[in-house]
Amino acid sequence: MVVEEAERCCVVLVPSPFQGHITPMLQLAFVLYAKGFSIVINHPELNPPDSSKHPEFTFLPLKDGLSNSDPSFLNLFDIIPERNMNGRVPFQDYLVEMMEKPEIYGRISCIVYDHLMYFTTEVADHLKLPTILLRVSSCAYVEAACTFFQLKADNYFPMPVSVADPVPKVPTLRFKDLLFVLTSEILEHILQLAEKVANVGSSVAIIWNTIENLENQALSWFQQHYRVPIFTIGLGSIVVMDKEEFVETAWGLFNSNQPFLWVVRPSATEHDLPDGYLEAVGDRGHIVKWPPQKEVLAHPAVGGFWSHCGWNSTLQSILEGVPMICRPCFGDQNVNARYLTHVWKVGLELGPDDLTRCVIKSIIRKLMVEEEGKELRQRVLVMKQELQMSFRDGGSSHNSLKS
């Protein structure tokens, strides 16, 4: 039977403006589009996706007045609540227009929103539209957030133990891996924001950018905690390196005597490199502003991946069988790095006290040429093979997508 265009079902996607969140949302959009849905993306004006690269989707910018905001980590706690407050009215206006013009957009089947865009459920509830929450971080990170609130309720505030001590009931994590370090008073508006982000509101389901085999224990806990269906379908960063770390990293890479591809963001330029560095490195190193990360990790020449351990990078590295050097900075990166190095044992941790050229040289060589690195590589290849099974017919990710 031929279905008329006006009868097509539409999915509205609401990403947050950060690259590590936009990427999995667009990947999900392609999956849904391939299944026959039309796609409308309501995106913030700050850091908008490039619509010219996705002509099959309809892009509608949410005019929240924050297009020139500073997306730094320290400013997130102000930007996120303001964006959620300012986004309600334009989002509702868009949805009303779409509901009045199904011949253009199709019938709205549901709204999929990023967990940082929690205003979505309030608007959808008012218009009686179902929502599905997309979580782009690891389950382990959200588990750490829930644990944090439980510890606060149990009066671990301020924290009476060392930040290196294991967390009760989650011994894999240390207190310093949690959402916040409980050593001083935390502003109430920050706590309120964190609780809103951890909540699922009235969502009818959760799509989680993870793989069941990778986080089975945490997923089981969340299935009881949230009491809504969870679909694990396994689908960039705002970290800036200071100049001292930049220089030490440069010399550590040089002294390791290993070939390297180094992604240097526009905020740190070649002018910050030591004099004569590029000439000394020669053809052994290549510095770029942006790479196609997934394609690079898939290349057989790549023997290791130095990363801040955002969840997208973590998944891509494991799925391509590449062990990691973990240099976490904030948010879910600390939890991801802890699992990479101490649970899955496919990474080496580079802590904030290790950022000297001698230590950096040593950890690179340990990963690339020493026996410990070979063992990491063998373990991550086994993980890769196991996780690939989940994408095949009958695997957990394949079944979740069909569901």
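What to note about this one:
- Selection within segment 108-164: residues that are open to solvent by less than 10 Å² (accessible area, probe 1.4 Å) and among the aromatic types (Phe, Trp, Tyr). The member of this set that is nearest to Ala29 (Cα to Cα) is Tyr113.
- Segment 44-68 - residue that is part of a strand (DSSP E or B) and not hydrophobic (A, V, I, L, M, F, W, C) and, of those, modelled with the lowest pLDDT: Pro44
- Taken over segment 378-393, residues that are over 23 Å from Met368 (Cα atoms), open to solvent by 50 Å² or more (accessible area, probe 1.4 Å) and not acidic (Asp, Glu) amount to 4.
- Test: residue in segment 299-306 that is modelled with pLDDT under 90 and not hydrophobic (A, V, I, L, M, F, W, C): no
The values are calculated or read from the model by the stated rules, or taken from the named source; none is laboratory data. All values derive from a computational prediction rather than experimental measurement. The accessibility values were calculated without ligands, DNA or RNA, using every heavy atom of the protein model including side chains. Shrake-Rupley method; radii C 1.70, N 1.55, O 1.52, S 1.80 Å.
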